[in-house]
Structure formats: structure tokens, C-alpha cells
Amino acid sequence: MNIFDKSFSPSEAQVRYLDADYVVLKPGSFVRCATTGVPIPIDELTYWNVDRQEAYADAVAAHEAFKRYGLSGR
């Protein structure tokens, strides 16, 4: 299956975020930004928090989460 198939519909992936890497637990084409809710294509995923297991669309969204929760997120 590829994105050019007429039957293709985007689906949300389940991801385990690790230090400097991530593991896809359930395949999909995107994850959601924890701050903004916008979909982030898996191949464009750059920002996430390991402690909170959250993805962020960009550096601004990651910084907003940092300001809200602090460094540890706990």
C-alpha cells in the first residue's frame, strides 16, 4: 500500500519515544502534536519528550510544553 492508492486513508501511528530515536508500535502515517493537536507526518517527526511520551509539531510547540510542565514533566 502506498499513499497514491485510492484506498489509502491516513491513520494515526502509535509511537514509543526514546532518547534520540523512536519505535513505531502501530504503523500509521502521522502522530499528533501534544500541544497543538496538528498531525505530524512520521517522516517529519523531529521533536518529542521521552518522559511524557509526547510529540511536538515544531520547536515552538516543544517550548510551550516545556514552559507548561518544566524539564521533567512530572
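Among the numbered conditions (1) modelled with pLDDT of 95 or more; (2) surrounded by 13 or more Cβ atoms within 10 Å (Cβ to Cβ), tell me where Glu44 comes up short.
(2)
Within region 12-23, track down each residue that is assigned to a loop (DSSP other than H, G, I, E, B) and either at pLDDT below 95 or within 12 Å of Gln53 (Cα to Cα) (or both).
Scanning region 12-23 gives Asp19, Ala20.
Only residues that are surrounded by 11 or more Cβ atoms within 10 Å (Cβ to Cβ) and of a type outside the set (Val, Ile, Thr): list them for region 28-37, please.
Gly28, Ser29, Phe30, Arg32, Cys33, Ala34
Would you point out which residue out of Asp51, Asp5, Asp58 is modelled with pLDDT under 95 and surrounded by 11 or more Cβ atoms within 10 Å (Cβ to Cβ)?
Going through Asp51, Asp5, Asp58 in turn, just one is modelled with pLDDT under 95 and surrounded by 11 or more Cβ atoms within 10 Å (Cβ to Cβ): Asp51.
The values are calculated or read from the model by the stated rules, or taken from the named source; none is laboratory data. Note that the coordinates shown come from a computational prediction; the quantities given were computed from them, not determined experimentally. Heads up, the Cβs are rebuilt from the backbone with ideal geometry, glycines too, and the neighbour counts pull from every protein chain shown.
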